[in-house]
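The values are calculated or read from the model by the stated rules, or taken from the named source; none is laboratory data. None of these values were measured; they are calculated from a predicted model. With ideal geometry, Cβ positions are generated from the backbone for all residues, glycine too; neighbour counts draw on all protein chains shown. Areas reflect the complete protein model, heavy atoms only, side chains present, ligands, DNA and RNA absent. Shrake-Rupley method; radii C 1.70, N 1.55, O 1.52, S 1.80 Å.
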Amino acid sequence: MKILVVVAIVLISWPCVQCEQLVITSSAEYTNSLAAATATIDVLSVSWEDISDRQLAELLSRISNVKGDLTITCGPSSTLKYIQSLNLTQVDGGLQILNCMELIDIAFPSLTTVGNNIIVSATKNLAQGKLRSVNFESLETVSGHLQLRDHWSVTTVDFSALQTVDGNLVFFRIRRLTDLSMPNLRQVKGNLVVIECGIFENTALKEIEMPLLQQVGGNLNLRRNLFLVSLCDFGLNPSNVGNNLAIPISPIENRDLSAARPALANVLNLSTSCGTALDITIAKKEDFTTALGLIGDSTKLDSIRITWSDITDIQLTQVLENVTELGRGLVLQNLNTITALFLPNLQVVKGEFVVLDCLKVERIEAPKLTAVYSRVKVHTVANSNPVLTSIEMNALQLIGTSLNIWDVWSLNTIALDSLQHVGSLMRLYRLRRLYDFSMLKLESIGADLEIEECGRFEDTPLKRLEMPSLSAIGGGLYLRRNFFLVSLCEFGVHPNNITGTIVSEDNRELTVARPEMANVLNLSTDCSVALEIVIKSEVDVVQAVRTIGTNTVLDSVTISWANITDAQLLQVL
């Protein structure tokens, strides 16, 4: 017997005279709701157990504003894996996602405001849960409670823009959580509760990072976070806690905690030894000397943020050359004189990697970087004539949330040869001279894959999209206005493993290897002569010879491996 439990709480703060109340408990109601969905609706309540990822994605893609509540409730047989929307920007009521046992990813990267509670909750003691990532990266204000409860499997959450929570902020029994960073959080008017988070040794929560937090109106309660050792980037003064502080430091509760604020350390009898928790900020000339003194011989820093426009290449090298690990992130913005960003020893960024409006930078290179736990973002102001031609991070395997590169018209090459997973959105937009782009090891993208207006000039055309190992896209596939794109012959994903919409607009006459994709997009499957040979290593030579076979007509041959021999070159040519 199938048991269906419907949970729908309707809160309409501002009645919307011509908006729709969409309540979906069946296939018929889904069909009617899809037809009725507009950019602004009153209420959305989904509790139809058999709704698919693609159907939910199609529905959410049509909605940008919900005037009341948005509630998604999963029954025992629900197979929903992804709840994502790039278009939703505002929910005036509450947002609830309840009991979705098969869920892998929640992503609302454009949502800025929620007018009531956000509750993401699972059945109690969900030891076998699958949810890995929760992304609200643009959310600034929650006018009620924010609660993430009983999803043991979640490892990353992104609330990087959040500033204010009017109710309680609760992370409860998120037992594999490794990163809890809220760099812009300033005020929690209710209780701040973190209990039983990151309690396994291989997925340990070691630090809670809320550097700008000024006030907690209720209780501060940090309990049973067995590996928590650092409040070194925790800005709260205990005098600004409205009620009680509960931070037990016995071995079965938290480990021996360190706090940067002496006042907090004194109240709780904690150490103030914060070791490498160093935030480096360089906004003017005087900050540079101070930064070098703080860094000293340290190779592991908390974060680096540089906005001093006149910093030189030599000075930037002095700051960055020995850094191996960043606990919270790297932000470089409006640097007007540097010509290269070279990070020779950086291996891990446990937060974001952001480069904004550095118009004279010609290349970005991080040869040892293997993981960025949050987003990678490279952007320049539109029509600003940047000179950046290459981004090379050939050891990078993981991007925890989004990869977003846009409006860098000059960019020719994106070299991410080892990248396997992008946790959320992957967006390449208006890279109009991009012609060298392949991700041969990329296996999964958590949300949409968008490639738009890339390689649009005849002398630097983007002809091929090479992702042969790609097996899953958690959102839609959008290929638009890439005027010279002719081949998806090395594009591995089956259309059944693309959760959202598949769109190809204003590209050339594309050819694809997969008949299933050809059928969806009404494309040719003639890939016989669209062979592009790229050789960067000895392994590539073997693969190239195998790929060429007896073909005498190829698309192109590009060889940049310095050690190729005469015999090997002859085999290829």
*Report, by residue number, each residue of segment 68-92 that is under 19 Å from the mean Cα position of the chain (by Cα), under 17 Å from LEU139 (Cα atoms) and not in a loop (DSSP other than H, G, I, E, B).*
ILE83, GLN84
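Condition check ((1) under 23 Å from THR460 (Cβ atoms); (2) open to solvent by 10 Å² or more (accessible area, probe 1.4 Å); (3) of a type outside the set (Phe, Trp, Tyr)) across all residues:
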residue	(1), (2), (3)
LYS300	no, yes, yes
GLU325	no, yes, yes
LEU341	yes, no, yes
LEU359	yes, yes, yes
ASN385	yes, yes, yes
*Across segment 134-182, which residue is most open to solvent (accessible area, probe 1.4 Å) among those that are more than 21 Å from ASP233 (Cα to Cα) and acidic (Asp, Glu)?*
ASP166
*Just to be sure, is GLY198 at positive phi and open to solvent by less than 30 Å² (accessible area, probe 1.4 Å)?*
yes
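For ASN125, state whether it is modelled with pLDDT under 95 and either part of a strand (DSSP E or B) or in contact with a strand residue (DSSP E or B) (Cβ under 6 Å, 6 or more places away or on another chain) (or both).
On the way: modelled with pLDDT under 95: yes; either part of a strand (DSSP E or B) or in contact with a strand residue (DSSP E or B) (Cβ under 6 Å, 6 or more places away or on another chain) (or both): yes.
So ASN125 fits the description; yes.
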*Restricting the search to segment 445-466, which residues are in a strand (DSSP E or B) and either at pLDDT below 90 or surrounded by 24 or more Cβ atoms within 10 Å (Cβ to Cβ) (or both)?*
ILE445, LEU449, ARG456, PHE457, THR460, PRO461, ARG464, GLU466
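So how many residues does segment 542-573 have that are among the polar types (S, T, N, Q), in a helix (DSSP H, G or I) and under 19 Å from LYS463 (Cα atoms)? Steps first, answer last, please.
Step one: of segment 542-573, the residues among the polar types (S, T, N, Q) are 543, 547, 550-552, 556, 558, 560, 563, 565, 568, 571.
Add one more test, that the residue is in a helix (DSSP H, G or I), and what stays is 543, 547, 568, 571.
Pick out the ones that are also under 19 Å from LYS463 (Cα atoms) and you get 547.
Number satisfying all stated conditions: 1.
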*Looking for whichever is out of contact with any strand residue (DSSP E or B) (no Cβ under 9 Å at 6 or more places or on another chain) and open to solvent by 40 Å² or more (accessible area, probe 1.4 Å) here; the options are THR307, THR312. Which one fits?*
THR312
*Give the residue that is farthest from LYS206 (Cα to Cα), with candidates limited to residues of segment 271-283 that are crowded, with 18+ Cβ neighbours inside 10 Å and at pLDDT 70 or above.*
ILE282
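Mind checking which residues of segment 470-493 are part of a loop (DSSP other than H, G, I, E, B) and open to solvent by less than 40 Å² (accessible area, probe 1.4 Å)?
Just the residues of segment 470-493 that are part of a loop (DSSP other than H, G, I, E, B), to begin with: 470-471, 474-476, 481-486, 489-490, 492-493.
Passing the criteria: LEU470, GLY474, GLY475, GLY476, ASN482, PHE484, LEU485, CYS489, GLY492, VAL493.
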*Here are some residues: THR550, THR525. Which one is farther than 29 Å from LEU477 by Cα, modelled with pLDDT under 80 and of a type in the set (S, T, N, Q)?*
THR550
*Within segment 425-444, restricting attention to residues that are touching a Phe, Trp or Tyr at 6+ places or on another chain (Cβ under 9 Å) and part of a strand (DSSP E or B), which residue is least open to solvent (accessible area, probe 1.4 Å)?*
LEU428
_Residue pairs meeting the criteria (Cβ under 9 Å; at least 6 apart or on separate chains; first under 14 Å from LYS441 (Cβ atoms), in segment 417-429; second open to solvent by 40 Å² or more (accessible area, probe 1.4 Å) and of a type in the set (Gly, Ala, Ser))_ = GLN420/SER469
*Could you please find all residues in segment 502-522 being open to solvent by less than 50 Å² (accessible area, probe 1.4 Å) and either of a type outside the set (A, V, I, L, M, F, W, C) or within 25 Å of the chain's Cα centre (by Cα) (or both)?*
ILE502, VAL503, SER504, ASN507, THR511
*Of all the residues that make up segment 405-424, how many are open to solvent by 20 Å² or more (accessible area, probe 1.4 Å) and in contact with an Asp or Glu (Cβ under 7 Å, 6 or more places away or on another chain)?*
4
*Only listed residue being under 18 Å from the mean Cα position of the chain (by Cα) and in a strand (DSSP E or B), chosen from LEU139, LEU180*: LEU180
*asked:* Among the residues that make up segment 52-67, is at least one of them under 24 Å from VAL142 (Cα atoms), part of a strand (DSSP E or B) and either among the basic types (Lys, Arg) or modelled with pLDDT under 95 (or both)?
replied: no
*Output the residues belonging to segment 211-234 that are modelled with pLDDT of 80 or more, surrounded by fewer than 18 Cβ atoms within 10 Å (Cβ to Cβ) and either closer than 26 Å to SER303 by Cβ or touching a helix residue (DSSP H, G or I) at 6+ places or on another chain (Cβ under 6 Å) (or both).*
LEU212, GLN214, GLN215
*Can you name the number of the only condition in (1) in a loop (DSSP other than H, G, I, E, B); (2) open to solvent by 30 Å² or more (accessible area, probe 1.4 Å) that GLU286 fails?*
(1)
